[in-house]
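Have a look at the structure below before the remarks.
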Amino acid sequence: MMKVTKNDFLFSIATIFSVWFVCTGYIWIYWMAAIISYPFGIASFLIWLHIKADGKKRNKLIIALLLIGFATSLLVLLIALLRH
């Protein structure tokens with residue numbers, strides 16, 4: 001039987017949070033991304049900082065998702081600001 005470590009659990013949580021960030025980071029209507037998205041992105045980043053020291057390749061998934069979410073979020077915000 002495989003033993004689940006604390007970092008395995010944290011990886012799962014950080015992955016879920018980063019996927020949420022990717023899926024909701026573009027919602028800038030009434031600045032909702034700052035409320036419903038960015039707290040999860042920041043929490044995922046902080047968890048990633050904690051677990052990245054274990055040196056597992058899987059940790060690259062979290063930072064990749066966060067970068068995609070952040071880039072998408074900023075692009076949508078920029079487009080929204082330029083359209084008004």
Just give me the residues in region 11-35 being over 30 Å from ALA53 (Cβ atoms), hydrophobic (A, V, I, L, M, F, W, C) and exposed (fewer than 14 other Cβ atoms within 10 Å of the Cβ), in sequence order. ILE29, TRP31, MET32, ILE35
Look at ALA43 and say whether it is assigned to a helix (DSSP H, G or I), more than 14 Å from ALA64 (Cα to Cα) and modelled with pLDDT of 95 or more. yes
Step by step: first the residues of region 1-36, then only those that are modelled with pLDDT of 95 or more and hydroxyl-bearing (Ser, Thr, Tyr), then the one that is nearest to ALA71 (Cα to Cα). Which residue is that? SER18
Mind checking which pairs have a first residue in region 62-84 that is free of Cβ contacts under 8 Å to residues at least 40 places away in the same chain and a second that is assigned to a helix (DSSP H, G or I) and not acidic (Asp, Glu), Cβ under 7 Å, 6 or more apart or different chains? ILE63/TRP48
Cβ pairs under 8 Å, 6+ apart or interchain, first in region 8-36 and assigned to a loop (DSSP other than H, G, I, E, B), second aromatic (Phe, Trp, Tyr) and open to solvent by 40 Å² or more (accessible area, probe 1.4 Å), ordered by first then second residue, are GLY25/TYR38; GLY25/PHE70
Count of residues meeting criterion [over 27 Å from ASN7 (Cα atoms), in contact with a Gly (Cβ under 8 Å, 6 or more places away or on another chain) and open to solvent by 90 Å² or more (accessible area, probe 1.4 Å)] in region 36-81: 0
Of all residues in region 57-71, which are touching a helix residue (DSSP H, G or I) at 6+ places or on another chain (Cβ under 8 Å) and within 13 Å of PHE11 (Cα to Cα)? ARG58, ASN59, LEU61, ILE62, ILE63, LEU65
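The values are calculated or read from the model by the stated rules, or taken from the named source; none is laboratory data. Just so it is clear, the structure is predicted and the values come from calculations on it, not from any experiment. Every residue, glycine as well, gets a Cβ built from its backbone with ideal geometry; the counts of neighbours run over all protein chains shown. These accessible areas exclude ligands, DNA and RNA; they are computed on the full protein's heavy atoms, side chains included. Shrake-Rupley method; radii C 1.70, N 1.55, O 1.52, S 1.80 Å.
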